[in-house]
Amino acid sequence: MFSTTLLSIKSVLDQAVAASPLAIARPTIIAVSKQQPIERIREALIAGHRDFGENRIQEAMQKWPELKEAFSGIRLHLIGPLQSNKTSEAVRLFDVIHTVDRPKILDAIANECQRQNKTIACLAEVNIGAEPQKAGVLPDDLSDLLALASRCGLLICGLMAIPPHDKPPAPYFALLKKLATRHHLPELSMGMSNDYETAARLGATYVRIGTALFGARI
Ligand SMILES: *Cc1c(COP(=O)(O)O)cnc(C)c1O
């Protein structure tokens with residue numbers, strides 16, 4: 001059951017945060033609802049959960065406008081790649097974008113926010129392991145991207161990353177935290193089903209949890 005699972009994840013997070021040397025609070029749990037049956041999502045909403053993550057604009061547009069009508073206070077997080085031709089839809093539907101990773105997309109979001117007269121919270125996605133095939137701005141290029149954001153009037157409030165899947169995540173989470181501190185960015189989106197406890201201990205303010213909350217995707 002969603003609410004029982006959520007409670008046990010919260011208690012793991014509380015213990016991780018209590019044991020951390022950092023003065024931090026329990027991170028916000030983003031329930032990653034991609035490829036989950038609509039009934040599971042409804043169950044989560046009825047249980048009172050409000051933060052959800054989707055990685056595909058198209059899929060999110062099929063599910064969320066109706067759910068946002070039916071339940072108030074939903075915060076929808078875009079955690080997947082954004083193409084500039086989908087920016088208009090993304091800005092309309094989502095409340096937080098975790099995947100700003102290049103000047104073109106930053107520019108497109110800033111323009112679209114102005115057009116829609118909407119402010120949207122953004123995080124910069126960092127390719128924290130500097131992996132060739134992976135999305136995200138390289139750590140060395142982060143300063144330039146943040147400077148551009150401030151020139152465009154786009155608020156970047158934090159950093160997001162997915163560490164290399166074949167290595168222990170802790171050093172990468174610690175590096176992301178260090179980068180965020182250096183740039184005075186309060187939000188840190190890191191940690192998934194397999195490593196959210198480690199991420200919480202190292203200062204995550206958002207953890208993005210799919211299968212550990214909802215079960216296997218369809
Ligand atoms: C799918 C996804 C998650 C959730 O993954 P789980 O392993 O199911 O918790 C988190 N972050 C991103 C970016 C994702 O695409």
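Read-outs: derived from the displayed coordinates by stated rules, not from any lab. No experiment lies behind these values; they were computed from the predicted model shown. Note that each Cβ is placed from the backbone with ideal geometry, even for glycine, and that neighbours are counted across all protein chains shown.
Between Ser150 and Ser193, how high is the FRET efficiency from 1/(1 + (r/R0)^6) when r is the Cβ-Cβ distance and R₀ = 25 Å? Nearest 0.05. E between Ser150 and Ser193, to the nearest 0.05, is 0.15.
For the pair the range 59-82 / the range 3-38, the C-alpha centres are spaced 20 Å from each other. Taking amide H as placed 1.01 Å from N in the peptide plane, the amide H of Asp51 sits under 5 Å from that of Ala31, Arg75, each at least 5 places away or on another chain. Given a Förster radius of 30 Å and the C-beta distance between Arg40 and Glu131 as r, what FRET efficiency does 1/(1 + (r/R0)^6) yield to the nearest 0.05? Step by step, r from the Cβ atoms, then E = 0.45.
Around the amide H of Met160, modelled in the peptide plane, lie the amide H atoms of Ala124, Glu125, Val126, Ser189, all under 5 Å away and 5 or more residues distant in sequence or on another chain. Each residue of the range 53-65 was assigned a 3J(HN,Hα) from its phi angle through the Karplus curve 6.51 cos²θ - 1.76 cosθ + 1.60 (θ = phi - 60°); the sequence is x, 10, 10, 10, 4, 4, 5, 5, 5, 7, 9, 7, x Hz, with glycine and proline shown as x. Summing +1 for each Lys or Arg and -1 for each Asp or Glu, what net charge is found among the other residues whose Cβ lies under 12 Å from the Cβ of His165? Result for the neighbourhood of His165: -1. Stretched out straight at 0.36 nm per residue, the stretch from Arg50 to Asn117 would grow longer than its current Cα-Cα span by 21.8 nm.
Backbone phi angles across the range 176-185, fed through the Karplus curve with coefficients 6.51, -1.76 and 1.60 (θ = phi - 60°), yield HN-Hα couplings of 4, 4, 4, 4, 5, 4, 4, 9, 6, 9 Hz in residue order; Gly and Pro are listed as x. In order along the range 33-48, phi translates into HN-Hα couplings of 9, 4, 6, 9, x, 4, 5, 5, 5, 4, 4, 5, 5, 5, 6, x Hz, rounded to whole numbers, per the Karplus curve 6.51 cos²θ - 1.76 cosθ + 1.60 with θ = phi - 60° and x for Gly and Pro.
Take every Cα pair under 8 Å whose residues are at least 6 apart in sequence, average their separation, divide by the length of the range 75-115, and the relative contact order is 47 percent. Extension gain, Gln15 to Met61, is 12.9 nm, computed as 0.36 nm per intervening residue step minus the present C-alpha separation.
Using +1 at the C-beta of Lys and Arg and -1 at the C-beta of Asp and Glu, which of Thr119, Leu13, Ala216 has the Cα lying farthest in the positive direction of the dipole of the chain? Positive-end residue among those listed: Thr119. All other residues whose Cβ lies under 15 angstrom from that of Gln114 are scored, Lys and Arg at +1 and Asp and Glu at -1, for a net of +2. Dipole of the chain computed with +1 at Lys/Arg Cβ and -1 at Asp/Glu Cβ about the Cα centre; of Thr198, Val91, Pro163, farthest Cα towards the positive end is Val91.
Using a/c under 1.5 as the rounded threshold, could you call the chain rounded, prolate or oblate? The axes a ≥ b ≥ c are square roots of the C-alpha gyration tensor eigenvalues, and prolate needs a/b larger than b/c, oblate otherwise. Judged from the Cα gyration tensor, the chain comes out oblate (a/c at least 1.5, b/c at or above a/b).
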